[in-house]
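Undergrad: Can you keep this structure in mind? I'll have questions shortly.
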Amino acid sequence: MRIGLLTDGGYPYATGESRAWCDRLVRGLARHDFDVYALSRSARQEDAGWIPLPPQVRRVRTAPLWGSRDDWPDGYGGRGGRAYGRRERRRFTTCFGELAAAVCGAPEPGAAPGTVAGAGFADGLYGLADLAREYGGLAAALRSETAVRVLESACRAGGARRGVHGATVTDHLAFADRVERALRPLSADWYGEDGLGAVDLCHAASGGTAALAGLLAKRFFGVPLLVTEYGVHLRTHYLTTAGAPSSAPVRTLLAAFHGGLATEVYRRADLITPGNSHARRWQEKCGAERARLRTVHPGMEADRFAAVGESGDGGDPRTLVWVGRVEPAKDLIGLLHAFAEVRKAEPEARLRIVAAPVRDADSATYRTHCEALAAQLFPDEAADAHAVGDNPVSFEDLGGPYAPDVTDAYAGAGVVVLSSVVEGFPVGLVEAMLCGRATVSTDVGAVVEVIGGTGLVVPPRNPQALADACLALLRDPARRERLGAAARARALELFTAEQNVAAFRGIYLELISRAPVHRDADAVGADGEPLPFAHPAEAYVPGHWAGRGSAGAATPAWAAPEEAAAPPPAPAGAEALGARAQTPETRAPVGAPDAVGTREPVGVQGPAGDQQPVAGGHRPGGGSGLVVASLPVAASFPVAGRVDGHV
């Protein structure tokens, strides 16, 4: 099977959120071929390069979502630098006007915040996609004065959202710039018979912009679309833009745009695989049907934590350990205040904060603030006049001398703590469970689903409850041991890479069984439904002889059909019984050599006495395939006084 893997800011780049998961998936499904279509997020990510790719990755095509086209490196297939003519401008105005009217219009009562109403968003989106495919891209048009005028008219129209009434020209320009970046996949040159038209299944590693290419592959070629979201794209947008410097009208417009895009992706996807029930609830709220939702937990490399989990060492019984990225959503300030209460009851207790490398200035500022608070709450105390003072709270860097690896951090923990106020899927919590550690967590995101009764859960932003739970485990070694063993067993059952790969292996086969062939003109009947046996199974066997080569290899001479006269008339009553007449393409000439060139095809005597093959293969290229012999049941076995066309 040939899979088109669609990524956004991750695989195959060396940095990114989905890099590790996608790499495990591709390596675990070695029997499938993968074509990777990747969107990059920054020049820095481009400069970091790619990770080593396995041999089953046959092709990688990329497009940037950063900068303008003048800033892009050479070798990109993105288009859109050409200005449109008068006819194209009129068509663009119509399509972009439909999309802008849907984004600016007020949603229906009871709809999720940020969503759009009606079919205008989808009609405008696909109209722009058709325009980009025919005339070479959208970048110039989306940054034109025409686009600004269309936005201005939509914002001032009757029934527009309250938040966009005060939008200025600056707001329109800012929104147009963001939309142009989000819609760049429409301008990529990925949509052809040698691109996404050649894959059997599109798998988007996230929703939103990454899934756009899958929507177009489904529209242009009928390729099934699978969408996996371990962090809901729309939720991530809300969290990242809440404190952004953009104006209120721009934030309102962007929320509506991404809400409409999420709704369309969920509506068109053949199957959606959220990583947890928390993400699933978000998707249902945005319009995803329950019948097309299937939870697949992300997998972790369990072998990495086996040494700690199976060692039998419960770690330091006096030490609490926190591991993760230092940022406001992790609520380290609440954790420090909770530890102050723990120290009052257990003076020997210690807290280790093991932090991942800082990624931005805001995280660095927050860490500095937390370190200052720790120094204020826990001044260095010395045992006597000759000893060096020590602080019970330590800030350590992951990869440093005290925690060279994340497993070393968990190995020294008696209890692992998670204090977040916002969380998606808690990867650090799963790592602690694989290490066999008892945990204390706040009830956010998918924490309860992950823990499942193998740890203590407290309300967020409640330092006293967090302190009480930590004290309960620090004072009860037997309970810590029981919870740690149960946590490791649960993690090994639900959250391993092997479980994740096995789930997607079955999903791939299920989806391809629903749509085993592309809906070419010769494979679709008058009613739009696929014709049975239009493409045989051998058409998917790799090799030029099957007509599947990238260069469109011609059918071999021994398999080419002869120019034949019209087929003989069908037996009387055959039409009434629904019998299918042989077509010239499926007839093989009498005496023609077979694939080996030494035997004649097996046939039966037709109504007129000539020998006919009763079944034949038809390749995508139009040539005959292997001839399969079977008896014409309708002509040979009268049952109960009538002819039955089925065995």
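Undergrad: Given the conditions (1) crowded, with 18+ Cβ neighbours inside 10 Å; (2) out of contact with any strand residue (DSSP E or B) (no Cβ under 9 Å at 6 or more places or on another chain); (3) not in a helix (DSSP H, G or I), which single one is not true for residue 155?
TA: (3)
Undergrad: Further, regarding this structure: Does any residue of the stretch 273-290 turn out to be touching a residue at least 24 places away in the same chain (Cβ under 8 Å), under 27 Å from residue 25 (Cβ atoms), in contact with a strand residue (DSSP E or B) (Cβ under 9 Å, 6 or more places away or on another chain) and of a type in the set (A, V, I, L, M, F, W, C)?
TA: Yes: the stretch 273-290 contains one or more residues that are touching a residue at least 24 places away in the same chain (Cβ under 8 Å), under 27 Å from residue 25 (Cβ atoms), in contact with a strand residue (DSSP E or B) (Cβ under 9 Å, 6 or more places away or on another chain) and of a type in the set (A, V, I, L, M, F, W, C).
Undergrad: For the stretch 266-278, which residues satisfy the criterion of being open to solvent by less than 20 Å² (accessible area, probe 1.4 Å) and not in a helix (DSSP H, G or I)? Before you say what the answer is, go through the steps one by one.
TA: So in the stretch 266-278, the residues open to solvent by less than 20 Å² (accessible area, probe 1.4 Å) come out as 266, 269, 271-276.
Passing the criteria: 269, 271, 272, 273, 274, 275, 276.
Results for (1) over 34 Å from the mean Cα position of the chain (by Cα); (2) without any contact (Cβ under 8 Å) to a residue 40 or more places away in the chain, shown as yes or no for each residue.
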site	(1), (2)
396	no, no
407	no, no
410	no, no
433	no, no
448	no, yes
454	no, yes
471	yes, no
477	yes, no
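Undergrad: Report yes if some residue within the stretch 291-309 is charged (D, E, K, R) and under 27 Å from residue 514 (Cα atoms); otherwise report no. Walk me through it before giving the result.
TA: Residues of the stretch 291-309 charged (D, E, K, R): 292, 294, 301, 303-304.
Next, only the ones that are under 27 Å from residue 514 (Cα atoms) stay: 292, 294.
Taking every residue of the stretch 291-309 in turn, at least one turns out to be charged (D, E, K, R) and under 27 Å from residue 514 (Cα atoms).
Undergrad: Can you name the residue in the stretch 348-371 that is over 40 Å from the mean Cα position of the chain (by Cα) and closer than 23 Å to residue 462 by Cβ and is also least open to solvent (accessible area, probe 1.4 Å) among such residues?
TA: The first filter runs over the stretch 348-371 and keeps only residues over 40 Å from the mean Cα position of the chain (by Cα), leaving 348-350.
From what's left, closer than 23 Å to residue 462 by Cβ: 349-350.
Working: 349: 4, 350: 77 Å².
Among them, the one singled out is 349.
Undergrad: Among the numbered criteria (1) open to solvent by 20 Å² or more (accessible area, probe 1.4 Å); (2) farther than 23 Å from residue 506 by Cα; (3) part of a helix (DSSP H, G or I); (4) at pLDDT 90 or above, which one does residue 191 miss?
TA: (3)
Undergrad: Next up: For residue 439, indicate whether it is at pLDDT 95 or above, closer than 18 Å to residue 495 by Cα and surrounded by fewer than 22 Cβ atoms within 10 Å (Cβ to Cβ).
TA: On the way: at pLDDT 95 or above: yes; closer than 18 Å to residue 495 by Cα: yes; surrounded by fewer than 22 Cβ atoms within 10 Å (Cβ to Cβ): no.
The answer is no for residue 439.
Undergrad: Give all pairs with beta carbons closer than 8 Å in which a residue from the stretch 7-22 that is surrounded by fewer than 23 Cβ atoms within 10 Å (Cβ to Cβ) and at pLDDT 85 or above meets a residue that is polar (S, T, N, Q) and assigned to a loop (DSSP other than H, G, I, E, B); count only pairs at least 6 apart in sequence or on separate chains.
TA: Going by the 8 Å Cβ cut-off, the qualifying pairs are 9/18.
Undergrad: Still on this structure, I have one more. Restricted to the stretch 503-517, and to residues that are modelled with pLDDT of 95 or more and of a type in the set (A, V, I, L, M), which residue is most open to solvent (accessible area, probe 1.4 Å)?
TA: Looking at residues that are modelled with pLDDT of 95 or more and of a type in the set (A, V, I, L, M), I get 503.
Undergrad: Still on this structure, I have one more. Inside the stretch 215-265, can you point out the residues that are of a type outside the set (Gly, Ala, Ser), at pLDDT below 85 and not in a helix (DSSP H, G or I)? Let's see the steps before the verdict.
TA: First pass over the stretch 215-265, keeping only residues of a type outside the set (Gly, Ala, Ser): 215-216, 218-221, 223-230, 232-241, 245, 249-254, 257-258, 261, 263-265.
From what is left, the residues that are at pLDDT below 85 are 232-241, 245.
Scanning the stretch 215-265 gives 232, 245.
Undergrad: Something else now. Only one of 122, 132, 176, 167 is on the phi < 0 side of the Ramachandran plot, part of a loop (DSSP other than H, G, I, E, B) and crowded, with 18+ Cβ neighbours inside 10 Å. Can you tell me which? Walk me through it before giving the result.
TA: Details: 122 fails: part of a loop (DSSP other than H, G, I, E, B); 132 fails: part of a loop (DSSP other than H, G, I, E, B); 176 fails: part of a loop (DSSP other than H, G, I, E, B).
Sole residue among the options that is on the phi < 0 side of the Ramachandran plot, part of a loop (DSSP other than H, G, I, E, B) and crowded, with 18+ Cβ neighbours inside 10 Å: 167.
Undergrad: Search the stretch 279-317 for residues being assigned to a loop (DSSP other than H, G, I, E, B) and aliphatic (A, V, I, L, M), and hand back the single one that is modelled with the highest pLDDT.
TA: So the first thing to find is which residues in the stretch 279-317 are assigned to a loop (DSSP other than H, G, I, E, B), and the list is 286-289, 294-299, 301, 310-317.
Filter once more, keeping what is aliphatic (A, V, I, L, M): 288, 296.
Numbers: 288: 90, 296: 94.
For the stretch 279-317, the residue satisfying everything is 296.
The values are calculated or read from the model by the stated rules, or taken from the named source; none is laboratory data. It should be emphasised that the depicted structure is a prediction, and the values quoted were computed from it without experimental measurement. Ideal geometry is used to build each Cβ from the backbone, glycine not excepted, and the neighbour counts take in all protein chains shown. To get the accessible areas, we keep the full protein, side chains included, count just its heavy atoms, and leave off ligands, DNA and RNA. Shrake-Rupley method; radii C 1.70, N 1.55, O 1.52, S 1.80 Å.
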